[in-house]
Structure formats: structure tokens, C-alpha cells
1. How many residues, within the range 37-61, are farther than 19 Å from Leu125 by Cβ and of a type in the set (A, V, I, L, M, F, W, C)?
2. What pairs can you find where one residue is in the range 112-124 and free of Cβ contacts under 8 Å to residues at least 24 places away in the same chain, the other is assigned to a helix (DSSP H, G or I) and open to solvent by 60 Å² or more (accessible area, probe 1.4 Å), and their Cβ atoms are less than 6 Å apart, with a gap of 6+ or different chains?
3. Between residues in the range 126-146 that are part of a strand (DSSP E or B) and residues that are open to solvent by 40 Å² or more (accessible area, probe 1.4 Å) and among the β-branched types (Val, Ile, Thr), which pairs lie under 6 Å by C-beta distance while being six or more apart or on different chains?
4. So which residues in the range 120-144 are touching a helix residue (DSSP H, G or I) at 6+ places or on another chain (Cβ under 8 Å), open to solvent by less than 50 Å² (accessible area, probe 1.4 Å) and farther than 19 Å from Asp43 by Cα?
5. I need every pair where a residue in the range 48-76 that is free of Cβ contacts under 8 Å to residues at least 60 places away in the same chain and over 21 Å from Thr112 (Cβ atoms) has its Cβ under 8 Å from the Cβ of a residue that is open to solvent by 50 Å² or more (accessible area, probe 1.4 Å) and not hydrophobic (A, V, I, L, M, F, W, C), sequence separation at least 6 or different chains.
6. Sort through Asp54, Asp63 and tell me the only one that's out of contact with any Pro (no Cβ under 6 Å at 6 or more places or on another chain), acidic (Asp, Glu) and on the phi > 0 side of the Ramachandran plot.
7. Go through Glu26, Glu90, Glu68, Glu48 for me and flag whichever is at pLDDT 90 or above and open to solvent by less than 60 Å² (accessible area, probe 1.4 Å).
Amino acid sequence: MNFGVTDAIRAAGMEAGTEQSRYWFEPASAGEAAQLNLQPGQDVLVVERVRTADGKPVVLSRDILPAELVAERPELAEQMLKRSMYEVLERDLGVVIHHGVASFRPVRADVTVARKLGIPRGELLLAIWQVDYADDDVAVVSSHEYHLADAFDFTVHRRGPGRRLQ
């Protein structure tokens, strides 16, 4: 199972929670459609949550998935607000995330993000944009996360290409 925000909060020794959780369906933008290998305008499910650590807002997450994933079980969209999205994908939908590709960048909080996280507009955040892929290399989730810059320490493990013996 993929390592998510809840795991990061717990690994830091804090109690994970959520607030301001909601979901909706909308047409995919051209950019999101390209990330998820969809046609622009095709329906996507957007799951938005403010993640808390010991009751303090620390991350705004917005996850975008092809709506067809939950077309036969729309109640699972509601479950993604209450449980780990990765758990719902794997246990309820049989979709196992194999890997994700993420980019990290410092950004300043705009009005919307600042309001949701209860911080001043312009505060420095760590933005993470990630696309998660299933075993068959199919893009399943496009995630946008805005982390309070001082909430976590991130460690990235890098591997070399290895050595090929002949």
C-alpha cells in the first residue's frame, strides 16, 4: 500500500485527522486529463481534505481520479473522505498502486489555500504534485498537496541504476 499523508503524520508521532472534507464530480481540465490519460471534459472525482496533526491543519490535499473508478459504487467517494484513499482503492476496488511520480516545489499560499489551512496569504508551503500508477502503468490518481513548510521533514531514498552482470 502507498504511503500517504496519514502515515506521515503518524510517523511524526502525531494524531492524524481530517476536516473540511468534501468530494465532487467535474469535467477534467486539459492538464488533469493528460495526467490521467483521459479525454478533456471526461468526468473526474475530486476528493479534497484538510489533514490535521494533533488537531492543527497541516496539509490541504486534492486528489483527482477518473470517475469511472467509482461509477458502479458511488458510495466509495464518501468512503474516501473517511478512510485512506489508497485503502479504498485497494480493498474495495481492487486497484493496487504500484508507484507514484512526484514533484516538490516551494509555493506561496494563495487566498483559497491560506483560508483552508488557517494561515496568512503568502505563507511558504511545500507543494507536492504526484501521479500514482497501478501495476499495469495506468495512471489512477493525480494529487495536489500543500504542506505547511514546518510541519514535516521529508526524506527521499534514491537508488542507483544498479549493476548489470553479464
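The values are calculated or read from the model by the stated rules, or taken from the named source; none is laboratory data. Predicted, not measured: the structure shown is a model, and the values here were computed from it. Here the Cβ is made from the backbone with ideal geometry for all residues, glycine too, and neighbour counts use every protein chain on show. For the accessible areas, the whole protein counts, side chains as well, though only heavy atoms, and no ligand, DNA or RNA atoms are used. Shrake-Rupley method; radii C 1.70, N 1.55, O 1.52, S 1.80 Å.
1. Going through the range 37-61 one residue at a time, the tally reaches 5.
2. So the pair list comes out as Arg121/Val111.
3. Taking only residues 6 or more apart or on different chains, the pairs are Val131/Val101.
4. Gly122, Leu125
5. Filtered contacts from the range 48-76: Asp54/Glu15; Gly55/Glu15; Ala67/Gln42; Ala67/Asp43; Glu68/Asp43.
6. Going through Asp54, Asp63 in turn, the sole match is Asp54.
7. Selected residue: Glu48, the only one of Glu26, Glu90, Glu68, Glu48 that is at pLDDT 90 or above and open to solvent by less than 60 Å² (accessible area, probe 1.4 Å).
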